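The values are calculated or read from the model by the stated rules, or taken from the named source; none is laboratory data. In this text, all values refer to a predicted model and were calculated from it rather than measured experimentally. When we count neighbours, we look across all protein chains shown, and the Cβ atoms used for this are built from the backbone with ideal geometry, even at glycine.
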Amino acid sequence: MKRYKPNMLWLPGKRLCLFALSLAFLGSIGWTIAANGVASVSAQAQAVTIVNAASYATDALAPESLAAAYGSFVTTGNQTFVAQSLPLPPTLGGVRVTIGGVDAGMFVASPGQLNIVIPQNVPDGNNSVVVTNADNSTRLGTINVQRAAPGIFTSRGSGIGAAVAFATSDGVNLTPTFNPDGSERETSAGTTAQPNFLVLFVTGVRNAAALNPNDANGVAEVVSATIQGVPAQVAYAGRSGSFAGLDQINLVIPPELSGIGSAKIRLNIAGRVSNLPTVLIGGQAPAIRSTPLASGTGLFGVLSHDDQIQASADGSGRTYYFDAYRITTTAANTPVVVDLRSQQFDGTVMIAQQRTEGSLNFLASDDQTGGLGNGQDDNTNALLMTVLPTAGDYLIFVTSADGEANAIGSYQLSYSTGGLQAASYSATPINASISNTDIVTSAGDRLDAYWFNGTAGDTVQIRMSSTAFDSFLILNAANGDLVDFDDNSGGGAQGRDALVTRTLRQSGIYVILATPFAPGVTGNYTITINRLNSLAAGDEEPRALGRALSPIKGSEDQSLRQTQFDRLTSRRVVTNEQ
């Protein structure tokens, strides 16, 4: 780990004296914890409870880190005492704290709280805590000591909310990222050419291992950081000057986070994670970068940490990398097929229309159908078949599924127009066949796709019959959501015909998938798409029959599957649209 002149902030090529700033900050630590900390820690069975002074975590504390001890203590005259010099005294206000038999330095001593520094030479593992009061009575406890246990200080001293941090793009001018009232203050994400650094005040970091201790780069390589789930380069991790227990981490704010708003900061040191304070990232959100894609094109791509991001709108703080591809249609009601395959992440495809003013209108999504027929719950592929309603420009988004935030890896993408046959209500069967030239899933299942216009309240009956294979039907909305499916309800030879009877809840385009639901199977079949004259059974939720949709993740929870479009397209694509 880099050793450098005390009382200095280190940035690549920049050093700046922060003596007055750090001294004032350290003074505020003691009083903030004393004022706010007691209410944050519940009563424990032990007489003494010790927490990380920044995060209030109790699972582990690091040597030379700032900590707060809670209990019922006896100081001289029951007064509050604050250390006036460095090195910190082992006794303050008549109170002494030992951890593993070693004296802890003391910042503050009060009847309800002691602010201390964990001794440097305490061994890892469980250690006893003994508080000797001014009247010689004792209070006992235990703590788990680990070499590194990060905590980030927050402006309100609660372990949550705005981080105590400063932003600088030149290493000279520092701007706090929090307001005097403790709320977030907007900061810029910077650019690749002019990065903006986030200087965090932390504790429990200085003993993190430097895998290359002689490289003088000021970084403990086991320290990693993310901002809103996006990896942030660690430019420095170590002591903050010569002040007892106070550490500092300098991060490069990822420029792609521009305009994302309140973002959570997370430190990870060899698997031990920090609390999650926030920083408000403002600025103009970047426009979407897209690559033109022609019908009939296939390509190989990679999701990486340098890609654009989407942010979940559900308050979870999850983010997702994406690539965007621009397609153009020249006619209304153009059928399209988008096939995404990856062995490295759970792939998701979304299609959005670009409005003339630049905003997006999401139309369809899929994260499951690509593996249709694999018989396993390990599908990582997407196959989106839909109909684009008007001529114009659209964007295909390649990203990862809800359960794989910030996933990266290679993928294969293909796009074509056509592939779906227009159909309408009729009692006359359509004679068709599954052949080797049909759409094929990654599991090897061949399928035909049909689309038709339905009206809310229509009771639709779709029947698929074949003597060559066991029929299977899937009815989707145009946005990719599952409406219904069936395996064997249609009777027929050996009960292998499929029958879907469903009352439509919304007007619009619907897509039918007709398949043998088995790899490599081909053969003739008939399909009838009919509107019944009266309501019939079948308006219930989809059933789990026979082969059902077990290869499609989420089919066990049909309500989850039915809201796939809402879940996926509720992500905020970080664009100029607010």
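Which fully enclosed strands (runs of 3 or more DSSP E) of the range 106-215 have 2 or more residues being farther than 16 Å from residue 253 by Cα and of a type in the set (Ser, Thr, Tyr)?
Strands (runs of 3 or more DSSP E) meeting the threshold: 125-132, 138-145.
With the structure loaded, tell me whether residue 157 is of a type outside the set (Lys, Arg), in contact with a helix residue (DSSP H, G or I) (Cβ under 9 Å, 6 or more places away or on another chain) and in contact (Cβ under 8 Å) with a residue 12 or more places away in the chain or whether it fails that test.
Here the answer is yes, as residue 157 does meet what is asked.
For a quick check of your reading of the model, give me the residue pairs whose first member lies in the range 314-328 and is touching a residue at least 12 places away in the same chain (Cβ under 8 Å) and under 21 Å from residue 295 (Cβ atoms), whose second is of a type in the set (Ser, Thr, Tyr) and assigned to a loop (DSSP other than H, G, I, E, B), with beta-carbon atoms closer than 9 Å and at least 6 apart or on different chains.
What qualifies is 327/295.
Report those strands (runs of 3 or more DSSP E) wholly inside the range 282-364 carrying at least 2 residues which are of a type outside the set (Gly, Ala, Ser) and under 15 Å from residue 391 (Cα atoms).
It comes to 319-329, 334-341, 347-354.
Just to verify a result, which residue in the range 53-96, among those that are touching a Leu at 6+ places or on another chain (Cβ under 6 Å) and surrounded by 22 or more Cβ atoms within 10 Å (Cβ to Cβ), is farthest from residue 115 (Cα to Cα)?
Among them, the one singled out is 53.
From 126, 207, 173, 121, grab the single residue that is more than 27 Å from the chain's Cα centre (by Cα), surrounded by fewer than 15 Cβ atoms within 10 Å (Cβ to Cβ) and assigned by TED's automatic domain parsing to the domain that holds residue 242.
173
What is the residue count in the range 429-464 for residues that are in a strand (DSSP E or B), at pLDDT below 95 and surrounded by fewer than 17 Cβ atoms within 10 Å (Cβ to Cβ)?
0
Given the conditions (1) touching a Phe, Trp or Tyr at 6+ places or on another chain (Cβ under 8 Å); (2) part of a strand (DSSP E or B), report the number of the one that residue 424 does not fulfil.
So residue 424 meets the others, but not (2).
If only one of 249, 253, 260, 227 is out of contact with any Phe, Trp or Tyr (no Cβ under 8 Å at 6 or more places or on another chain), crowded, with 21+ Cβ neighbours inside 10 Å and at pLDDT 90 or above, which one is it?
Matching residue, one of 249, 253, 260, 227: 227.
Exactly one condition in (1) surrounded by fewer than 24 Cβ atoms within 10 Å (Cβ to Cβ); (2) of a type outside the set (Ser, Thr, Tyr); (3) over 34 Å from the mean Cα position of the chain (by Cα) is false for residue 160; which is it?
Just one mismatch for residue 160, condition (3).
Those residues that are closer than 16 Å to residue 450 by Cα and more than 34 Å from the chain's Cα centre (by Cα), I need them from the range 466-485; list them, please.
Result: 471, 472, 473.
Take residue 386 and decide whether it is surrounded by fewer than 24 Cβ atoms within 10 Å (Cβ to Cβ), of a type in the set (Ser, Thr, Tyr) and at pLDDT 85 or above.
Taking the combined requirement at face value, the residue does not satisfy it.
Could you please find all residues in the range 330-354 being touching a Phe, Trp or Tyr at 6+ places or on another chain (Cβ under 6 Å), of a type in the set (S, T, N, Q) and closer than 14 Å to residue 398 by Cβ?
Scanning the range 330-354 gives a single hit, 342.
So which residues in the range 64-94 are closer than 14 Å to residue 50 by Cβ and either under 42 Å from the mean Cα position of the chain (by Cα) or in a strand (DSSP E or B) (or both)?
65, 66, 67, 68, 69, 70, 71, listed by residue number.
Look at residue 311 and say whether it is under 25 Å from residue 196 (Cα atoms), at pLDDT below 95 and in contact with a strand residue (DSSP E or B) (Cβ under 7 Å, 6 or more places away or on another chain).
Here the answer is yes, as residue 311 does meet what is asked.
Would it be correct to say that residue 403 is over 31 Å from the mean Cα position of the chain (by Cα), in the same structural domain as residue 316 (by TED's automatic domain parsing) and not in a strand (DSSP E or B)?
Spelling it out, it is not the case that residue 403 is over 31 Å from the mean Cα position of the chain (by Cα), in the same structural domain as residue 316 (by TED's automatic domain parsing) and not in a strand (DSSP E or B).
If only one of 235, 167 is surrounded by 18 or more Cβ atoms within 10 Å (Cβ to Cβ), more than 23 Å from residue 62 (Cα to Cα) and not charged (D, E, K, R), which one is it?
167 is the lone residue from the list that is surrounded by 18 or more Cβ atoms within 10 Å (Cβ to Cβ), more than 23 Å from residue 62 (Cα to Cα) and not charged (D, E, K, R).
Looking only at the range 500-549, filter to residues that are among the charged types (D, E, K, R) and either at pLDDT 95 or above or not in a loop (DSSP other than H, G, I, E, B) (or both); which one of those is surrounded by the most Cβ atoms within 10 Å (Cβ to Cβ)?
502
Pairs needed: first member in the range 195-211, at positive phi; second member anywhere, in a strand (DSSP E or B); C-beta distance under 6 Å; at least 6 residues apart or different chains.
Taking only residues 6 or more apart or on different chains, the pairs are 204/151.
Tell me which residues, restricted to the range 97-118, are touching a residue at least 60 places away in the same chain (Cβ under 8 Å) and surrounded by fewer than 18 Cβ atoms within 10 Å (Cβ to Cβ).
Once the filter is applied, which keeps residues that are touching a residue at least 60 places away in the same chain (Cβ under 8 Å) and surrounded by fewer than 18 Cβ atoms within 10 Å (Cβ to Cβ), the range 97-118 yields only 112.
Which of the numbered conditions does residue 402 fail, given that it passes all the others? Conditions: (1) of a type outside the set (Lys, Arg); (2) touching a strand residue (DSSP E or B) at 6+ places or on another chain (Cβ under 7 Å); (3) surrounded by 18 or more Cβ atoms within 10 Å (Cβ to Cβ).
Residue 402 satisfies all of (1) of a type outside the set (Lys, Arg); (2) touching a strand residue (DSSP E or B) at 6+ places or on another chain (Cβ under 7 Å); (3) surrounded by 18 or more Cβ atoms within 10 Å (Cβ to Cβ) except (2).
Out of all the residues in the range 129-151, which are within 14 Å of residue 51 (Cβ to Cβ) and crowded, with 20+ Cβ neighbours inside 10 Å?
Once the filter is applied, which keeps residues that are within 14 Å of residue 51 (Cβ to Cβ) and crowded, with 20+ Cβ neighbours inside 10 Å, the range 129-151 yields 129, 141, 143, 145, 149, 150, 151.
Any idea which of 102, 97 is under 14 Å from residue 68 (Cα atoms), among the hydrophobic types (A, V, I, L, M, F, W, C) and over 39 Å from the mean Cα position of the chain (by Cα)?
97
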